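Trainee: Have a look at this one.
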Amino acid sequence: MVEDTAPSQSVSQGVALSNPDAILGVRASMFDRMHDEQTSTDWLLGPAAYGDNTFARAGQQRHRGLNENDNRSGIGTGAYDEIYNLINDANVLVSGIEEGAFSNPDVADKLEAEGLFMRALAMHHATRIFGYDPDGQGGVVDPNSGPGQGFDSGIQIKTTPTLDLENAEDTPRSTVSEVYGQITSDLEDAIDLYQNLPSDVKESSPFFPSEAAAQALMARVKLYQRDWSAADTRAQNALDLASSAFGSGLAEPDSGSVRSIFDERSGNPEAIFTIQTNPQAGESPGTNDALSSYTSIFFGAQLPTQDLIDLYEPGDARLAGWYDPCFDEDSGSPFSGCDQINDNGFELKKWASERDPSQFADNHPHLRVAEMVLIQAEARLNQSGVSEAISRLNDLRRQRNASTLNASNFDPSSALQEILDERRRELVAEGHRFFDQKRLGRDIRKVQGIDDIQFRDRAILDDYPDGELLTDDSLSGNPGY
């Protein structure tokens, strides 16, 4: 990720405060933590498996526990350590760089902005795993019965670097509202820093955080907060900035262009923020744990459900662009039993390690143009009504060669359902499906004869890690565990 640093991906944070190479090593470490299985495969594919978008074929166990509701702790407990290690790296960049460490102070400001963005990204992911989501009125969307009723704890807010065990402090969990306050503050600060950087220091690549990325993440956060006007405005800011900085826009309406969004050989036409994965640097989670080994190479474990495939119209560019008959490029032979999950025996090709299938190394787009359009459609439904929402949805559908929707055929409830269906079609295996149902207070839909997860079920929130509860007396666990 960063050239000419010594060391390149790990460094004692105690020496990082004044040494430029060491500071850049912490920066590299922060990004490299996004290559771990829990912060790549579980983050992006887990919500599809926990919902109704993917399911394991016979004989395959990867994410089957999520498919079948067997996991006691859902999709996030395993990621806790990696998330907070990432946050600690970010904290070094935010508040640990000594004045004068860089001859150009603008470089230090840029690194601080990157730390603020990554801390906000990690905190948002963690709080939507371990807490309920904002209700738009200063509270949370919690069940009206069961152990979670009235529960509003989020996660621990840590904003100063822990450089050694001696200065580690017990930190109680903050409320969801307080966590979102920290997230939005971090993003506002990052945006201010980016806006004041000179043009020769501003980020010109979607492989690193930028003002466009900070505006896009703010749009997502505001969607979760039900601040519809802000979500719409921030999404437009992100679209404008991504267009001017990276040339990003909706892909052309053909299957090849749509597939190129996830093909590292051709570049992502919709990129806003992407975690780059270098196969030569060993950055992939590897054979057993990478996204491509779960979906299209080697194991072919998690396949698209018929329930998902049925949402696409014939001719939709996504159907041809993101799905192919099951085939294991590693062995050179088809996978068996795929037609038990969907009638055509399709596998999902978003993650296919095109540069070198044997390396299982995909880039991971975390923020892209289509998500911003979908955020605007949902925000406009809640601000301006059905007509504006369907019009914005059609902007995306035209670029996917899908039919134009007639707003007169929808009321607010059916329009919201159409937006959620479009999010399934567009954002499958990009980290959204489970959380889209959860943030709206809905039961989690399941397939293949598995019972839905009721919103009042404890499984809506992951179990807070036992190790944290045992070592930090200020912490309390999640309800029902």
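The values are calculated or read from the model by the stated rules, or taken from the named source; none is laboratory data. Remember, it's a predicted structure, so these values are computed and weren't measured experimentally. When we count neighbours, we look across all protein chains shown, and the Cβ atoms used for this are built from the backbone with ideal geometry, even at glycine. The area values use the complete protein model at the heavy-atom level, side chains included, leaving out ligands, DNA and RNA. Shrake-Rupley method; radii C 1.70, N 1.55, O 1.52, S 1.80 Å.
Trainee: Please go through (1) more than 20 Å from the chain's Cα centre (by Cα); (2) open to solvent by 10 Å² or more (accessible area, probe 1.4 Å) for residue 342 and return the number of the only condition it doesn't satisfy.
Mentor: With respect to (1) more than 20 Å from the chain's Cα centre (by Cα); (2) open to solvent by 10 Å² or more (accessible area, probe 1.4 Å), residue 342 is out only on (2).
Trainee: Being hydrophobic (A, V, I, L, M, F, W, C) and surrounded by fewer than 23 Cβ atoms within 10 Å (Cβ to Cβ) narrows it down to one residue among 360, 335; which is it? It would help to see each step written out before you state the result.
Mentor: Values: 360 fails: surrounded by fewer than 23 Cβ atoms within 10 Å (Cβ to Cβ).
Answer to the selection: 335.
Trainee: Another question about this same structure. I'm trying to understand the selection: among the residues of region 198-224, which are of a type in the set (Lys, Arg) and open to solvent by 30 Å² or more (accessible area, probe 1.4 Å)? Reasoning before the result, please.
Mentor: The first filter runs over region 198-224 and keeps only residues of a type in the set (Lys, Arg), leaving 202, 220, 222.
202, 222 - these are the residues of region 198-224 that are of a type in the set (Lys, Arg) and open to solvent by 30 Å² or more (accessible area, probe 1.4 Å).
Trainee: May I ask you to list the residues in region 243-268 that are at pLDDT 95 or above, assigned to a loop (DSSP other than H, G, I, E, B) and either of a type in the set (Lys, Arg) or farther than 23 Å from residue 360 by Cα (or both)?
Mentor: In the first step, residues of region 243-268 are kept if they are at pLDDT 95 or above; the result is 243-263, 268.
Add one more test, that the residue is assigned to a loop (DSSP other than H, G, I, E, B), and what stays is 247-254, 261-263, 268.
Residues satisfying the conditions are 247, 248, 249, 250, 251, 252, 253, 254.
Trainee: Further question: Among 15, 107, 26, which is out of contact with any His (no Cβ under 8 Å at 6 or more places or on another chain) and modelled with pLDDT of 95 or more?
Mentor: Values: 15 fails: modelled with pLDDT of 95 or more; 26 fails: modelled with pLDDT of 95 or more.
When all the criteria are applied, what remains is 107.
Trainee: Shifting gears a bit: Taking region 337-361 as the region of interest, how many residues are farther than 21 Å from residue 430 by Cβ and charged (D, E, K, R)?
Mentor: The number of residues fulfilling the criteria is 3.
Trainee: Taking region 269-296, which residues are open to solvent by 40 Å² or more (accessible area, probe 1.4 Å) and either farther than 27 Å from residue 67 by Cα or of a type in the set (S, T, N, Q) (or both)? Show your work before the answer.
Mentor: Filtering region 269-296 down to residues open to solvent by 40 Å² or more (accessible area, probe 1.4 Å) leaves 269, 276, 278, 280-282, 287-289.
Answer for region 269-296, where residues must be open to solvent by 40 Å² or more (accessible area, probe 1.4 Å) and either farther than 27 Å from residue 67 by Cα or of a type in the set (S, T, N, Q) (or both): 269, 276, 278, 280, 281, 282, 287, 288.
Trainee: Of the residues 424, 355, which single one is in contact (Cβ under 8 Å) with a residue 60 or more places away in the chain and open to solvent by 30 Å² or more (accessible area, probe 1.4 Å)? If you could, list the steps in order and put the result at the bottom.
Mentor: Details: 424 fails: open to solvent by 30 Å² or more (accessible area, probe 1.4 Å).
That would be 355, the only listed residue that is in contact (Cβ under 8 Å) with a residue 60 or more places away in the chain and open to solvent by 30 Å² or more (accessible area, probe 1.4 Å).
Trainee: Confirm whether residue 408 is farther than 24 Å from residue 442 by Cα, surrounded by fewer than 20 Cβ atoms within 10 Å (Cβ to Cβ) and small (Gly, Ala, Ser).
Mentor: Numbers: farther than 24 Å from residue 442 by Cα: yes; surrounded by fewer than 20 Cβ atoms within 10 Å (Cβ to Cβ): yes; small (Gly, Ala, Ser): yes.
Judged against the criteria, residue 408 is a match.
Trainee: For the condition under 26 Å from residue 277 (Cβ atoms) and in contact with a strand residue (DSSP E or B) (Cβ under 6 Å, 6 or more places away or on another chain), what is the one hit in 335, 360? Can you show your working first?
Mentor: On the way: 360 fails: in contact with a strand residue (DSSP E or B) (Cβ under 6 Å, 6 or more places away or on another chain).
So the residue among 335, 360 that is under 26 Å from residue 277 (Cβ atoms) and in contact with a strand residue (DSSP E or B) (Cβ under 6 Å, 6 or more places away or on another chain) is 335.
Trainee: Looking at residue 329, is it under 15 Å from residue 354 (Cα atoms) and open to solvent by 10 Å² or more (accessible area, probe 1.4 Å)? Before the answer, list the steps.
Mentor: Values: under 15 Å from residue 354 (Cα atoms): yes; open to solvent by 10 Å² or more (accessible area, probe 1.4 Å): yes.
Yes.
Trainee: Filter region 15-60 down to residues that are among the β-branched types (Val, Ile, Thr) and open to solvent by 30 Å² or more (accessible area, probe 1.4 Å), then give me how many there are. Steps first, please.
Mentor: Initially, region 15-60 is screened for residues among the β-branched types (Val, Ile, Thr), giving 15, 23, 26, 39, 41, 54.
After this cut, where a residue has to be open to solvent by 30 Å² or more (accessible area, probe 1.4 Å) as well, the list is 15.
Looking only at that region, the number is 1.
Trainee: While we're looking at this one, here's another question. Would you list the helices (runs of 4 or more DSSP H) that sit entirely within region 61-179 and hold 2 or more residues that are among the polar types (S, T, N, Q) and touching a residue at least 40 places away in the same chain (Cβ under 8 Å)?
Mentor: Working: elements: 64-67, 80-95, 105-130.
Once the helices (runs of 4 or more DSSP H) in region 61-179 are filtered for at least 2 residues that are among the polar types (S, T, N, Q) and touching a residue at least 40 places away in the same chain (Cβ under 8 Å), what remains is 80-95.
Trainee: Scan (1) open to solvent by 30 Å² or more (accessible area, probe 1.4 Å); (2) under 17 Å from residue 32 (Cα atoms); (3) of a type in the set (D, E, K, R) for the single condition residue 114 breaks and write down its number.
Mentor: (1)
Trainee: Moving on to the next point. Only one residue in 307, 240 is at pLDDT 95 or above, closer than 25 Å to residue 445 by Cα and surrounded by fewer than 24 Cβ atoms within 10 Å (Cβ to Cβ), so which one is that?
Mentor: Numbers: 240 fails: closer than 25 Å to residue 445 by Cα.
Checking each option against the conditions leaves just 307.
Trainee: Let me ask something else about it. Could you please give the count of residues in region 243-268 that are in contact with a Lys or Arg (Cβ under 9 Å, 6 or more places away or on another chain), open to solvent by 40 Å² or more (accessible area, probe 1.4 Å) and touching a residue at least 24 places away in the same chain (Cβ under 8 Å)?
Mentor: 6
Trainee: Name the helices (runs of 4 or more DSSP H) wholly inside region 374-481 in which the number of residues that are among the small types (Gly, Ala, Ser) and over 25 Å from the mean Cα position of the chain (by Cα) is 2 or more. I'd like the intermediate steps shown before the answer.
Mentor: Values: elements: 386-398, 412-427, 433-439, 466-471.
The helices (runs of 4 or more DSSP H) meeting that bar are 386-398, 412-427.
Trainee: Scan 224, 194 and give me the residue that is on the phi < 0 side of the Ramachandran plot, in contact with a strand residue (DSSP E or B) (Cβ under 6 Å, 6 or more places away or on another chain), not basic (Lys, Arg) and not in a strand (DSSP E or B).
Mentor: Values: 194 fails: in contact with a strand residue (DSSP E or B) (Cβ under 6 Å, 6 or more places away or on another chain).
None of the other options fit; the residue is 224.
Trainee: Among (1) closer than 25 Å to residue 238 by Cβ; (2) surrounded by 19 or more Cβ atoms within 10 Å (Cβ to Cβ); (3) not hydrophobic (A, V, I, L, M, F, W, C), which single condition is residue 153 missing?
Mentor: Of everything listed in (1) closer than 25 Å to residue 238 by Cβ; (2) surrounded by 19 or more Cβ atoms within 10 Å (Cβ to Cβ); (3) not hydrophobic (A, V, I, L, M, F, W, C), residue 153 misses just condition (1).
Trainee: OK, next. Against the conditions (1) aliphatic (A, V, I, L, M); (2) open to solvent by less than 10 Å² (accessible area, probe 1.4 Å); (3) under 21 Å from residue 228 (Cα atoms), where does residue 416 fall short? Just the number, please.
Mentor: Here residue 416 meets the rest and fails (2).
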